[in-house]
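Okay, so here's the structure we're looking at.
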Amino acid sequence: MASTTNSKRAKFQPVRDSYLVFGAPLIGEEEIAEVVDTLRSGWLGTGPRVARFQRDFEAYNGAPHAVAVSSATAGLHLSLIAAGVEPGDEVITTPMTFCASVNAIIHAGATPVLADCDPVTLNIDPDQVERRITSRTRAILPVHFAGRPCDMDRLMALARKHNLKVIEDCAHAIETEYHGKKAGTFGDFGCFSFYVTKNVTTAEGGMITALTDADAARLRILALHGMSKDAWKRFSDSGYKHYEVVECGFKYNMTDIQAALGIHQLRRVEECWQRRLAIWDAYNEAFRDLPLGLPAATEPATRHGLHLYTVLVDEQKTGVGRDQVISDLHDSNIGVGVHYRAIPEHPYYQDKFGWKPEDYPNAMAVGRQTVSLPLSAKMTDGDVRDVVGAVRAVLAC
Ligand SMILES: *Cc1c(COP(=O)(O)O)cnc(C)c1O
């Protein structure tokens, strides 16, 4: 294998014939059959399967209401609007997240404010949040990073004290629990993603959980052009019904084809979590002696959603930089991800808000060292061995 002493490393040889795709979904025959049935049924748009997926999700999550949408990004946008967030308002979120969390705040017309993450949990630090609350703060948007629950006791206490709305970004956190309750049941809203790489997938899709009847009703209207309730039934066999547009909404509804996937994905969610737990434990064991930063232990009375297995590559300790590790793993036929370069690293936010990476030192440091290894329930034991072997070879350990 390549020598680490040369300034230009030789190209790594593949550890396997086929490329191990990062975040490959596990699609079963049930999903395929349900999609085919949906296509044959003639009802492809928002209909009975979406209604069933929403009920199933409520049963799994425990929130009183689940509203299916076209993506988590759409869900965040609608939740912010339903939370009453308006231009001039500030919404506090984390720099250690996907850009969608921040973009949704901007699309709602508000100003995003970043509170740095904790260097160990990688979740938003409640002390940093508290420091950034002003008279204009309207909401907090915490992200349960990698599936690890945020400190919801402290965040909800801050929200109550300052009369703030809370929108949980649960894109990584379907299985996540905190003190006996699922993520998405603490804040006013929880937004889940069913993007291909997420723990449950509908190819593209999302779900919003809401605590009150009024919020759920508003979300359903906002997600479909602002049309009055049950507009999706207007072409059904119960007879044509006029709809009324009651506000200027969006086209953010989920289709029955997506829900057909989601219904069966959700049925295997625990089985897939168990499989990822086995992979997680195997990585922890295999990398114990390596000079890598491994995920922190799960906090007591919580359940980690195990969405991302992120390791930190500190070039001082490994002799190899993060980007070199990524490219060597790629050459080895192992697909990896970066979750995430900190939000202030991106030129748009630097130009628009004057954010600098150094102002968020924890997110900056993590974002420059982090690599996500494959953690899909589809992986075989052989795949896991390939990842372990490739990581050891790249680090020459
Ligand atoms: C994937 C993701 C989103 C966006 O989800 P989509 O369904 O693709 O819109 C938002 N936030 C986080 C943290 C994510 O990982």
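What follows is calculated from the coordinates using simple rules that are stated; it is not laboratory data. As the structure is a prediction and not an experimental result, all values here were calculated from the model. For neighbour counting, all protein chains shown are included, and Cβ atoms are generated from backbone atoms with ideal geometry for every residue, glycine included.
Observations
- Taking other C-beta atoms within 10 angstrom as a stand-in for reagent exposure, S71, S18 fall in the order S18, S71, fewest first.
- Remark: for residue pairs K11/K378; K317/K352; K165/K356; K181/K241; K165/K352; K182/K378, the C-alpha separation exceeds 31 Å in K317/K352; K181/K241.
- Local electrostatic count, E30, Cβ distance below 11 Å [Lys/Arg +1, Asp/Glu -1]: -2
- Neighbour-count ranking [beta-carbon atoms within 10 angstrom, fewest first] of K352, K378: K352, K378
- Contact order for the stretch 269-396, expressed relative to its length and based on alpha carbon pairs under 8 Å spaced 6+ residues apart, stands at 31 percent.
- Sequence-distant aspartates and glutamates (8 or more away, or on other chains) whose Cα lies within less than 13 Å of K161: E130, D153
- At R0 = 22 Å, FRET efficiency that the Cβ-Cβ distance of Y348 and E86 yields, to 0.05: 0.50
- The Rg/Rh ratio for the stretch 90-188, using Cα coordinates for both the radius of gyration and the Kirkwood hydrodynamic radius, is 0.92.
- Computed over the chain, relative contact order equals 23 percent, with contacts defined as Cα pairs under 8 Å that lie 6+ residues apart.
- Note on the stretch 58-74 and the stretch 323-397: Cα centroid distance 29 Å, given to the nearest whole angstrom.
- Restricting the GluC sites (Glu not before Pro) of the stretch 259-327 to loop positions (DSSP other than H, G, I, E, B) with no more than 11 neighbouring Cβ atoms within 10 Å leaves nothing.
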